[in-house]
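Single-structure report; data block below.
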Amino acid sequence: MARIIRQVAAPNASLSFVFAAAICLTPAWVFAVPDSQELRGAYSTDAVKTLNKPPKGNDTDVLENEELMKFEGNDDLLLGWEALQKKDYQRAMELFLKAASAGNVGATINIGVMYLNGDGVARDEQKANEWFRKAADLGSCTAMYNLGVAYNEGSGVKQDYRQAIEWYQKAIDGGNASAMVNMAAMYRRGQGVAQDFKKSAALQRRAAEAGNSKGMFGLGFAYDEGEGVPQDYQQAMNWYRKAAAAGETRAMTNLGILYRMGQGVAQDYREAMTWFKKAADAGDASAMTEIGGLYCNGQGVTKNYQAAMDWLQKAAGAGDVGAMSNIGTLHTLGLGVPQNYGEALKWYQKAAAAGGKAGMYNMGVLCYQGLGVPKDLAKAKEWFEKAAALGHPAAKSELDKMNSARPGMSIDFRGMK
């Protein structure tokens, strides 16, 4: 699962890993951000699959009040749900179709879900959207949200940010918190609208105050970075804690980072490790990378490169590009493993292919120094340019040195700072 991460400043020089081998080791400096990944997750789990179970009490975040009454009063829909749990998809579809023909909004949405997931039918995003549109015409804010995601991602329709915004706004007008979160992401990125961090933060706050865990995480991140609100680490921690209590693994990871960096709280590596392990146990790859970083640095734990490698391997297996680059660095420097430039090259290539700027930077290092590959300054420059274009500060610095063509120039690779 791809994860969007952002490198942040290291709090002290010892973590910049100044090595003669001139490789950037970035075991820890990552932040999970409220960006496009949550759109896909919300589409497949939050707003869609939650409709596949009868809501309890006043759970109006799943269905609107009108839909709740129809859900609880329709035997076919409830029987369809039971068939769905038994994976009797044919029976479930028959019952949902019968309920939908009677105007049941929940059943109408669930038919769309079945086409979206390919449950008992051929997966068909266009048909899914057709059913979501029928539910939207019946007044379902959840279906409006689903259509917003479809246009946002180009799922079964041509990608169209303006159409996405229109559907999100309709859902927001009906109080759909998930739509608020996704609209906030669009304002944050400037997709279909002018970039506006204040509007993004305001929408995250609305969602958070409505009890949406992703909104809590997004608002925490806004305070963390000072995006649309004054930077306030204590407020960030407050909202991250709420999001973490609601199960948001990214919030757990970012809480760990605040403890590791001593931002808004006294620096505490052991507490950081506690949060990273909670997130890692829940499958968060960046938290696994963070744990690897603590073992690399001996922070809160005894320095242990083999343990670091084990955690980085887990993170890389889960798709974390920072972990891929760091595995390459351990091989480059011979930390916990025999020094092996060929193995390092393999991991840097994986990281670079996945869009990792540290991997690109380190590919440039290998090419520049001729480690595991023939020395090639032109290729080194190409890799540095790619990394610099993604905001890697050391790559920008090395490009300046290379462009100055200073005789006897030696590269001082100090990693992410």
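Checking each residue in the stretch 281-300 for being over 19 Å from the mean Cα position of the chain (by Cα), buried (at least 16 other Cβ atoms within 10 Å of the Cβ) and free of Cβ contacts under 8 Å to residues at least 40 places away in the same chain picks out Tyr295, Gln299, Gly300. Of all residues in the stretch 369-387, those that are surrounded by fewer than 17 Cβ atoms within 10 Å (Cβ to Cβ), aliphatic (A, V, I, L, M) and more than 26 Å from Gln313 (Cβ to Cβ) total 2. Restricting Ala128, Ala99, Ala107 to those that are under 21 Å from Ala171 (Cβ atoms), modelled with pLDDT under 90 and touching a Gly at 6+ places or on another chain (Cβ under 8 Å) reduces the list to Ala107. Ile257 meets each of the listed conditions (1) more than 20 Å from Ala282 (Cβ to Cβ); (2) crowded, with 20+ Cβ neighbours inside 10 Å apart from (1).
Go over the candidates Ala136, Ala107, Ala143 one by one and state the one that is surrounded by 24 or more Cβ atoms within 10 Å (Cβ to Cβ), touching a residue at least 24 places away in the same chain (Cβ under 8 Å) and under 13 Å from Trp81 (Cα atoms).
Values: Ala136 fails: under 13 Å from Trp81 (Cα atoms); Ala143 fails: under 13 Å from Trp81 (Cα atoms).
None of the other options fit; the residue is Ala107.
Being under 29 Å from Ala389 (Cβ atoms) and not basic (Lys, Arg) is a property that holds for Met324. Of all residue pairs spaced 6 or more apart or on separate chains, those with beta-carbon atoms under 7 Å, a first member in the stretch 227-252 that is on the phi > 0 side of the Ramachandran plot and a second member that is among the polar types (S, T, N, Q) are Gly228/Ser200; Gly247/Ser213.
Restricting the search to the stretch 342-368, which residues are more than 29 Å from the chain's Cα centre (by Cα) and buried (at least 19 other Cβ atoms within 10 Å of the Cβ)? Passing the criteria: Leu366, Cys367, Tyr368.
The values are calculated or read from the model by the stated rules, or taken from the named source; none is laboratory data. Fair warning: this is a prediction, and the values are worked out from it, not measured in the lab. As a convention, Cβ positions derive from the backbone with ideal geometry for all residues, glycine included, and neighbour counts pool all protein chains shown.
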